[in-house]
Every structure is written in structure tokens, then in C-alpha cells.
Amino acid sequence: MQSYAACVMPGARAPLEIRELPAPDLEPGAALLHTMYSEVCGTDVHLHHGRLDVPFPIVPGHVSVGVVAETRGKLSDIEGEAIREGDIVTFLDVHETCNACYHCLVAQQPTRCARRRVYGITYSANDGLLGGWAKAIWMKPGVKMIRLPKDLAPETFIGGGCGLVTALHAIDLADVRLGESVAVLGVGPVGQSLVALAALSGAIEVIAVGAPNDRLAFARRMGATDTLGLDRTSDDRVAAVRAATRSRGADVVIEASGSPDAVSQALDMVRDGGRVVVCGHYTDNGPVEIHPHWQINRKHVEIHGCWGSQYHHFHRAVELAARFGARVPWSEMVSGRYSLDHAADALAAVESRAAIKALIVP
Ligand SMILES: [Zn+2]
Ligand SMILES: [Zn+2]
């Protein structure tokens, strides 16, 4: 029986292992990808620390790019065009959203559907090749694949990757308008793409806040008009944002740092009546003190949480990467490439912030 090597995370803090997993018996509507790249995301670090409830052992890797190696039956994209062997695709990592529950049908917020499953996170390695840190990935029937356009290098899309898709969702929620000011707290992969998308949305002030300095310098290349380092006090950073916005504060502040304090700081940096989006807390990093009167109610602030992504976020991320990949240096965000048996080094590089973005190249 044919098998493929996969990097398995057996449990929280347990050493990664290479295991041979059986090739899936493709059912009608299924496909097999040969993996080109899979990303190492901050979420994978949280998974390895046991901070998310997942069915260990798992094959990590939720955002990936691969070549269609095998298909069963006729597969097509949303335009009705056939997905064929040899196509280079990415895919929506979220699968089995039920389209039958309150969140799917009434609230129309399917990222909170309780039945949704996510490649690389909520599937067990015992279920098969359902994560990207493997030589091959099993596309179950109904998984939404997106062909990368010919003029989009896979390295550009995966350089943006999960952070680009998350940033697109957050920018949608922030409803950034032409001529507005946007402050982005955090300069990891999500923050970098937020900076780029805020600039593409027509924001005229895009202030990136974070550390270290080389990431702030990179944020300028992504489109930041100004940067503020964490070597300045938080009061000083708030004052700098006010100084750049005629003392009003930023129209929009997006938190993508994972620091609880940054959520409070976002509320201090936003103008009265402005919008705050929180997308840096995919795991519990603890509480923070908020003064509801001063920071929310009296300021008339809108606050959005942002969880997961839908198909349209992935679809538009691919189109944006194709259209703007020459201007926005997503591909240069990748600072490390690792084979399957060096995935532990990739995790360590992301955790220590030595790498903005690390890729698994199986
Ligand atoms: Zn549902
Ligand atoms: Zn991710």
C-alpha cells in the first residue's frame, strides 16, 4: 500500500515525529495534492504548547499550496472550471461547515459553526493526511480548492498565507475607508499583511506598532507610513498616534500582537467613535484591565472580534496576492524553509521570532 511521510505532533510539548501515513482511498469528489509548501503559523506554536483543544496526534499545517496529483471524478472551482491534475492550488482549510445550524443560517457567521473542522488543527493524524506538514494532502469531497493564477508565484501567496487571509477578514470588519488613519498593533505575519491591506484600502496614515526594529523596517516596505517601537512607553505610543491624527486618535486600530495589554492600548489609540478589531488572541493570553467608561462607552467605540476565515477571504487573498504581489513583498516575509524532519526547528524559529514566517517544504 502506498504511503506518504508526514510530520506528526503526537501531543502537547512532545517531540515531533515523522510517520508514514497511508495514501487515502479517494472517494468521488476527492483529490490528492502533492504538497509544495505548508506554513508554520503562530497557531502551530500554540498547538505544540497544548493551548488549544485538538485531537492529538495531528499533522499540523493549515494553509498550504500543492499540485493536484490525483482526482476522483469531475472537480471544479467556483467558476465551474475543471480542477485538473497538475494544477497548483491552495484550499480553504475549513471544512464541514454544516450550513444547517444557527450560526451558519441565521446569524450568517459560519466561522462560529460548531461542526466546522480545520485541516492541520482539528483532524487527527489517525484520520489520514489531513494537514500540510506532509508529502501529500487529502482533499476530502467538498474541500474548496482555489487554483493559483499563472502570474501568481506560489511563494508569494504562501508568503502572505494564513496571516494575509486573517488580515483580509480583519480589514473587512474594520471597514477601512479612503483617507482614514489605521494603527496596527503587532508586526508578525498578520500585522504585516494588515499594514499592506490598510494601505491598499486607501488609508493615508498607516502606523505599525511593535518590535523588533527589523520587523518595523519591513512594515514600512509593506506600506506603513510610520512605525512605533515597543522601546517607547505605552503613553508615548498613544501620544504619537494622536500627534499623527490631529489629536483625535486613529480611525481604526487593529490588534494583532497577542498581548492583552495591546487590546487596552488599542482602545486608547482609537478616536472617539472609531473601530477596534481584535485578531491577535487565537489563544488565551490572559486578562487585561479595561475601563469601560473611559475606553469604550464614553468613546462610542465599535469593537469587533475576528475568528477564522470563510471561502471568500481565501479567494480574495489569492486575487490580491496575484494583483499586488509585485508591489507588496509578501514573498520576502519567508525567512526560513524547512524540510519535514526539521519542522521542530521551524517551530522554534517562529516561537523565538527569529523568523517572521517559516515554511515547511516537504
Ligand atoms: Zn453550522
Ligand atoms: Zn494560521
Problem set entry | Sum of -39500 (n - 2.57) over DSSP H runs of 4+, divided by residues of the chain (222 nm, nearest 500) | -8000 deg cm²/dmol
For this session: With a 1.4 Å probe and all protein chains in place, put Ile18, Ile158, Ile204, Ile88 in order of accessible area, largest first.
Result: Ile204, Ile18, Ile88, Ile158
Problem set entry | Check: region 203-362 dipole with +1 on Lys, Arg Cβ and -1 on Asp, Glu Cβ, in debye | 620
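Placing unit charges on C-beta atoms (Lys and Arg positive, Asp and Glu negative, everything else neutral), compute the dipole magnitude of region 63-191 about its Cα centre in debye, rounded to 20.
Numbers: 13 positive and 14 negative charges, 85 e Å.
Its charge dipole is roughly 400 debye.
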Problem set entry | Rg [Å, one decimal], Dmax [Å, integer] - region 1-103, C-alpha atoms | 15.8, 44
Problem set entry | Farthest toward positive dipole pole in region 1-116 [+1 Lys/Arg, -1 Asp/Glu at C-beta], among Ala69, Pro15, Ile83 | Pro15
Seminar exercise, completed: Arg237 neighbourhood, Cβ < 12 Å, K/R = +1, D/E = -1, net charge -4
For this session: Determine, at each q value in 0.14, 0.16, 0.27, 0.29 (inverse angstroms), the log₁₀ of I(q)/I(0) that the Debye formula gives when each Cα of region 110-172 is one equal point scatterer.
Result: -0.56, -0.74, -1.31, -1.29
Exercise. Residues of region 90-247: accessible area per residue at 1.4 Å, in Å²?
Worked result: 39
Seminar exercise, completed: Taking the reciprocal of mean 1/r across every pair of different Cα atoms in the chain, the Kirkwood radius in Å is 20.8
Exercise. How would you rank 124-137, 258-271, highest first, on the average number of other Cβ atoms within 10 Å across their residues?
Worked result: 124-137, 258-271
Problem set entry | DSSP bridge pairs, the chain: antiparallel proportion in percent, nearest 5 | 55
Problem set entry | Quarter of the Cα convex hull surface for region 55-189, i.e. its orientation-mean projected area (nm²) | 10.9
Exercise. Using r as the Cβ-Cβ distance of Asn99 and Arg316, and R0 as 22 Å, what FRET efficiency do you calculate, to the nearest 0.05?
Worked result: 0.60
Exercise. Using modelled backbone amide H atoms (1.01 Å from N, in-plane), which distant-in-sequence or interchain residues come within less than 5 Å of Met36's amide H?
Worked result: Val65, Gly66, Val67
Exercise. Along the charge dipole of the chain, Cβ charges K/R +1 and D/E -1, which of His169, Gly120, His293 sits furthest on the positive end?
Worked result: His293
Exercise. Residues with beta-carbon under 13 Å from that of Thr225, excluding Thr225: net charge, scoring Lys, Arg +1 and Asp, Glu -1?
Worked result: -1
Exercise. How about Lys150: which lysines have a C-alpha closer than 30 Å to its C-alpha, ignoring those fewer than 8 places off in the same chain?
Worked result: Lys74, Lys135, Lys140, Lys357
Exercise. In nm, what is the difference between 0.36 nm times the number of residues separating Asp151 and Ser335 and their Cα-Cα distance?
Worked result: 64.0 nm
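The values are calculated or read from the model by the stated rules, or taken from the named source; none is laboratory data. Keep in mind the model is a prediction, meaning the values are calculated, not measured. All Cβ positions, glycine included, derive from the backbone under ideal geometry; neighbour counts span all protein chains shown. In case anyone asks, the SASA skips ligands and DNA or RNA and just uses the protein heavy atoms, side chains included. Shrake-Rupley method; radii C 1.70, N 1.55, O 1.52, S 1.80 Å.
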